[in-house]
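Student: One structure, pasted below without further comment.
The values are calculated or read from the model by the stated rules, or taken from the named source; none is laboratory data. Computed from a predicted structure; not experimentally measured. Cβ sites come from the backbone with ideal geometry, for glycine too, and all protein chains shown count toward neighbours.
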Amino acid sequence: MRWLKSLILLYVALLPWLLLSCREKPEKYEATPYDLVIPKYFPTALNLPSDNPMTNEGVELGRKLFNDTRLCGYVGNNPDSLICCASCHVQRYGFDIGLDNPRLRNGKARGMHDTTHHNVMPLCNLVFNSEGYLWNGAVYGERNIEEIVRAAITADNELAATPYQAVAHIKDDPAYKELFRKAFGSDEVTMERIEKAIAQYVRTLVSANSKFDRYLRGEAQLTDQELRGYVLFTTEEGADCFHCHGGAGTPLFTTNLFYNNALDANPTDPQDRFSVTGRPQDLGAYRAPTLRNVAITAPYMHDGRYSTLDEVLEFYNCGLQASPYAHPLMHKLNEGGAMLTPSQIADLKAFLMTLTDESFTNQPLDYENIHQSR
């Protein structure tokens, strides 16, 4: 009977293992590739890193994280500390900061502990940019939107969280476990996965349905005034805007390149394009921002010095500052500006207003509102 007793003991010892082995293993979730539609007339080259393919599940996770205030550094019960990406990139302002934003101070975004060095740039059509990111193009090459996400979360003048804090705050929410599992194959929350998900979402922010887009597609007509403004925009004899911001042939309304636009006679910004390249011709140079949704993306310029589109037009019309660093494409520099008549300025402004994409700024957001205090 000793053998029977030994057999029973062996069975008891193996029973937990047998039960676990019989339990059905969870089926591995296969994320669904995201169908990023390239609008008509847009570039076909996309900035999509091979190690971060876009999926429906990754985009959905990124959308929620983009709007989750728990990614910021926790400094007590001060409501002013509870900010997220969407606090400074507001949809109704074309994912720019907006003049009435409580996070705005003197043209810069006010983060957890300080203000950003430069004015906020709109998150618009970044997936079509392969020339680097930020006003000075400091993020380029192997560095990408994912790195900007990390910087925004960890910088003292933005969300000011450590990677440990960001991960811990998101990890504490059990609802995120399933979202991470579907997006990345397991429910592990890491800083790298947070960066990748938000970057995927940012790449979906494509603006391509303004009145001007519909005009190009034959779905709308421009008024006579808007057409006159378009001619001024696209000719050297007119306002000469197209060299840096493109025309019908550049529907992004930016070349994504860098220019000294004669804003200052003596540029002294330590974070201009020169700080990246070391080339003297890049002193005072900055990326030409997209003019899509320009009517609602105030304040303007790298330092946010102009609050209205009228001020910007006035500068380009008669306020150019001569310097050895002004870009050669500033053809109107010797005259101080384009020197348009008031009616021509009105025509040009009317055209710029056709670049507002209301479907981009007002579309319903299909994520749960998770702005919350902790």
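Student: Mind checking which residues of the stretch 102-146 are of a type in the set (D, E, K, R) and in contact with a strand residue (DSSP E or B) (Cβ under 6 Å, 6 or more places away or on another chain)?
Tutor: Applying the first criterion (of a type in the set (D, E, K, R)) to the stretch 102-146 yields 103, 105, 108, 110, 114, 131, 142-143, 146.
Correct list: Arg103, Arg105, Lys108.
Student: Answer yes or no as to whether Val120 is over 18 Å from Val59 (Cβ atoms) and surrounded by fewer than 20 Cβ atoms within 10 Å (Cβ to Cβ). First the steps, then the outcome.
Tutor: On the way: over 18 Å from Val59 (Cβ atoms): yes; surrounded by fewer than 20 Cβ atoms within 10 Å (Cβ to Cβ): no.
Against the criterion (over 18 Å from Val59 (Cβ atoms) and surrounded by fewer than 20 Cβ atoms within 10 Å (Cβ to Cβ)), Val120 does not qualify.
Student: Further question on the same structure: May I ask you to list the residues in the stretch 305-333 that are closer than 12 Å to Leu263 by Cβ and not in a helix (DSSP H, G or I)?
Tutor: Result: Arg305, Tyr306, Gly319, Leu320, Gln321, Ala322, Ser323, Tyr325, Ala326, His327, Met330.
Here's the yes/no breakdown for (1) assigned by TED's automatic domain parsing to the domain that holds Ala175; (2) within 20 Å of the chain's Cα centre (by Cα); (3) more than 26 Å from Glu131 (Cα to Cα); (4) at pLDDT 95 or above:
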| residue | (1), (2), (3), (4) |
| --- | --- |
| Leu4 | no, no, yes, no |
| Leu7 | no, no, yes, no |
| Tyr11 | no, no, yes, no |
| Pro26 | no, no, yes, no |
| Phe66 | yes, yes, no, yes |
| Ile83 | yes, yes, yes, no |
| Asp96 | yes, yes, no, yes |
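Student: Sticking with this structure for a sec: How about the stretch 230-268: which of its residues are without any contact (Cβ under 8 Å) to a residue 40 or more places away in the chain, closer than 18 Å to His118 by Cβ and buried (at least 20 other Cβ atoms within 10 Å of the Cβ)?
Tutor: Of everything in the stretch 230-268, just one residue is without any contact (Cβ under 8 Å) to a residue 40 or more places away in the chain, closer than 18 Å to His118 by Cβ and buried (at least 20 other Cβ atoms within 10 Å of the Cβ), namely Thr254.
Student: Given (1) within 30 Å of the chain's Cα centre (by Cα); (2) surrounded by fewer than 18 Cβ atoms within 10 Å (Cβ to Cβ); (3) closer than 20 Å to Tyr286 by Cβ, where does Leu333 come up short, assuming only one miss?
Tutor: Status for Leu333: all satisfied but (1).
Student: Let me ask something else about it. Here is a list: Val149, Val120, Val139, Val127. Which entry is closer than 20 Å to Thr204 by Cα and in contact with a Lys or Arg (Cβ under 7 Å, 6 or more places away or on another chain)? First the steps, then the outcome.
Tutor: Numbers: Val149 fails: in contact with a Lys or Arg (Cβ under 7 Å, 6 or more places away or on another chain); Val120 fails: in contact with a Lys or Arg (Cβ under 7 Å, 6 or more places away or on another chain); Val139 fails: in contact with a Lys or Arg (Cβ under 7 Å, 6 or more places away or on another chain).
The match here is Val127.
Student: Looking at the stretch 120-144 only, could you name the residues that are aliphatic (A, V, I, L, M), assigned to a helix (DSSP H, G or I) and more than 22 Å from Asn101 (Cβ to Cβ)?
Tutor: If we filter the stretch 120-144 for residues that are aliphatic (A, V, I, L, M), which is where we start, we get 120-121, 123, 126-127, 134, 138-139.
Pick out the ones that are also assigned to a helix (DSSP H, G or I) and you get 126-127.
Val127, the sole residue that qualifies.
Student: Can you name the residue in the stretch 84-117 that is assigned to a loop (DSSP other than H, G, I, E, B) and of a type in the set (D, E, K, R) and, of all such residues, is surrounded by the most Cβ atoms within 10 Å (Cβ to Cβ)? Steps first, please.
Tutor: Narrowing the stretch 84-117 to residues assigned to a loop (DSSP other than H, G, I, E, B): 84, 89, 94-95, 97-103, 106-107, 111-114, 116-117.
Among the residues that remain, those that are also of a type in the set (D, E, K, R) are: 100, 103, 114.
Numbers: Asp100: 9, Arg103: 19, Asp114: 15.
Ranking the qualifying residues of the stretch 84-117, first place goes to Arg103.
Student: Within 19 Å of the chain's Cα centre (by Cα), of a type outside the set (A, V, I, L, M) and over 21 Å from Ala350 (Cα atoms): which single residue out of Arg287, Arg292, Arg305, Arg279 fits that description?
Tutor: Arg287
Student: Restricting the search to the stretch 334-367, which residues are β-branched (Val, Ile, Thr) and part of a helix (DSSP H, G or I)? Write out each step before concluding.
Tutor: Let us first name the residues in the stretch 334-367 that are β-branched (Val, Ile, Thr), namely 341, 345, 354, 356, 361.
Scanning the stretch 334-367 gives Ile345, Thr361.
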